[in-house]
Structure formats: C-alpha cells, structure tokens
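**Student:** If you scroll down you'll find the structure; I have some questions about it.
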Amino acid sequence: MVEIMTIIIQCIYLMLPAYLANMMPIFVKKINFLNYPVDFNKKLNKKPILGSHKTWRGFFFGTIAGIIIAYIQSLLSGIEFFQSISILDYSSWLIIGFLLGFGALLGDSVKSFFKRRLNIKPGKRFIPWDQLDYTIGSLGLLSIFFIPSWQIIITCLILNFILHILATKIGYYTGIRKEKW
C-alpha cells in the first residue's frame, strides 16, 4: 500500500507542469494577447481543423506555466522530501517544463482535431480522450528527454482520468467552466 501511495504522489508531482498548463487556457481566456486560433480558422473537408477555442494565447500561457512549475520544482529539488517524490532531475527544468506543458496542450489539440472530424462540438463529451489527452501528450513529449516506467505511465493515466473528472466538476460548480463535463 505504501508503494502505491508513493507512486501516486510521484505521478502527481511529475505531472504538475502539465496540470497547470492544461488549466491555463481557462484562466487566461479574457486576455487579448495572442488571442488567435492555432488553426487560423482554416478548415479541412469543410470542418474546422481544431476550432477557434484552441488559441496561441492558450499555448503560450500554458507552456510558460509548465516551465514556471518545473522551475519551482528545481528550486525545491534540494529539499529531502521533494527528492524522495521526484523521478526526474530538475536541473533541466526548462526542457522538462516545456515538454510537459507544451505536450499537455498538444495532446489536447490532437484530441480536438479528432473531435472535429467526428462532429463532436467543443466542450462535449469524448470519453476517455477528454480525460487522457493531456496525459498522453505530455508523457509522449517528455519521452524525448525521459521515459517513465510503465508503473508511472499506467498510474498517471488512471489518476489523471479521475482527477480530470473531479477538476471539471469543481470548475463547473465554482463557475470557472461553462460545461458540466
């Protein structure tokens, strides 16, 4: 039981840059800076490539947030507790933050691409991909630099599936999100 809890804590700590990057577009949606669709409103087979809700602003602020969190993790890396829960060497915090932050947003965008192909509107359910897109994207991009163990990957997928549902519900009931799902 202790080993399972340790892996869960390690996964949460590992994914912190991705978590914040994934949430950042919601928090900065009223900022006009870089408020342009990533797909430049282009269409593929008469359907939006990604949609107007995937903006350069979200990518910019999300990636910066991931980098900032990884930097904070590097500052904490000298403390014994954080050393015990870390599976990465945060001396490369810039690379780690970029890969996890940008990867989370890239994974979300890939999912949006497929949702548009399937005529699923933004904010509508696409289970399990709504809950796993940022995890797959961030761990996929991180694998350029570091490949986590299969235990970490599986735990992140299960944990983030549950955490995403909880965060979405909390966001809806606190008025941060418009969609209940």
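**Student:** Is it fair to say L44 is surrounded by fewer than 20 Cβ atoms within 10 Å (Cβ to Cβ), more than 12 Å from the chain's Cα centre (by Cα), within 23 Å of D130 (Cα to Cα) and among the hydrophobic types (A, V, I, L, M, F, W, C)?
**Tutor:** The answer is yes for L44.
**Student:** Any chance you could count how many residues in the range 144-161 are in contact (Cβ under 8 Å) with a residue 12 or more places away in the chain and outside any loop (DSSP other than H, G, I, E, B)?
**Tutor:** Residues in the range 144-161 being in contact (Cβ under 8 Å) with a residue 12 or more places away in the chain and outside any loop (DSSP other than H, G, I, E, B): 9 in total.
**Student:** Still on this structure, please answer the following. In the range 128-181, what count of residues is obtained for those that are loosely packed, with under 15 Cβ neighbours inside 10 Å, in contact with a helix residue (DSSP H, G or I) (Cβ under 9 Å, 6 or more places away or on another chain) and among the basic types (K, R)?
**Tutor:** Here the count works out to 2.
**Student:** For the range 164-181, what are the residues that are in contact (Cβ under 8 Å) with a residue 60 or more places away in the chain and either in contact with a His (Cβ under 7 Å, 6 or more places away or on another chain) or within 27 Å of I87 (Cα to Cα) (or both)?
**Tutor:** Residue satisfying the conditions is A167 alone.
**Student:** Scan the range 70-85 and give yes if some residue there is under 12 Å from the mean Cα position of the chain (by Cα) and modelled with pLDDT of 95 or more, otherwise no.
**Tutor:** Looking through the range 70-85, none of the residues is under 12 Å from the mean Cα position of the chain (by Cα) and modelled with pLDDT of 95 or more.
**Student:** Right, another one. Test I26 against the criterion of being in contact (Cβ under 8 Å) with a residue 40 or more places away in the chain, of a type in the set (V, I, T) and closer than 17 Å to D108 by Cα, and give yes or no.
**Tutor:** So I26 passes the test.
**Student:** Is it the case, given these coordinates, that N35 is in contact with a strand residue (DSSP E or B) (Cβ under 6 Å, 6 or more places away or on another chain) and farther than 28 Å from I158 by Cα?
**Tutor:** yes
**Student:** Report yes if some residue within the range 45-54 is of a type in the set (V, I, T) and modelled with pLDDT of 95 or more; otherwise report no.
**Tutor:** No, the range 45-54 has no match at all.
**Student:** What pairs can you find where one residue is in the range 33-46 and without any contact (Cβ under 8 Å) to a residue 12 or more places away in the chain, the other is not in a strand (DSSP E or B), and their Cβ atoms are less than 6 Å apart, with a gap of 6+ or different chains?
**Tutor:** Partner pairs satisfying both residue conditions: K42/I49.
**Student:** Something else now. Please identify the pairs in which a residue from the range 105-118 that is polar (S, T, N, Q) has its Cβ atom under 8 Å from the Cβ atom of a residue that is surrounded by 23 or more Cβ atoms within 10 Å (Cβ to Cβ) and modelled with pLDDT under 95, counting only partners at least 6 apart or on another chain.
**Tutor:** Filtered contacts from the range 105-118: S109/L50; S112/L50.
**Student:** Please give the number of the condition L34 fails out of (1) within 24 Å of L166 (Cβ to Cβ); (2) in contact with a Phe, Trp or Tyr (Cβ under 6 Å, 6 or more places away or on another chain); (3) not in a helix (DSSP H, G or I).
**Tutor:** (1)
**Student:** Okay, next question. Can you find even one residue in the range 75-88 that is of a type in the set (A, V, I, L, M), over 24 Å from I162 (Cβ atoms), crowded, with 20+ Cβ neighbours inside 10 Å and touching a residue at least 24 places away in the same chain (Cβ under 8 Å)?
**Tutor:** Checked against the condition, which is being of a type in the set (A, V, I, L, M), over 24 Å from I162 (Cβ atoms), crowded, with 20+ Cβ neighbours inside 10 Å and touching a residue at least 24 places away in the same chain (Cβ under 8 Å), the range 75-88 yields no hits at all.
The values are calculated or read from the model by the stated rules, or taken from the named source; none is laboratory data. This one's a predicted model, so the numbers in the text were calculated from it and none came from an experiment. All Cβ positions, glycine included, derive from the backbone under ideal geometry; neighbour counts span all protein chains shown.
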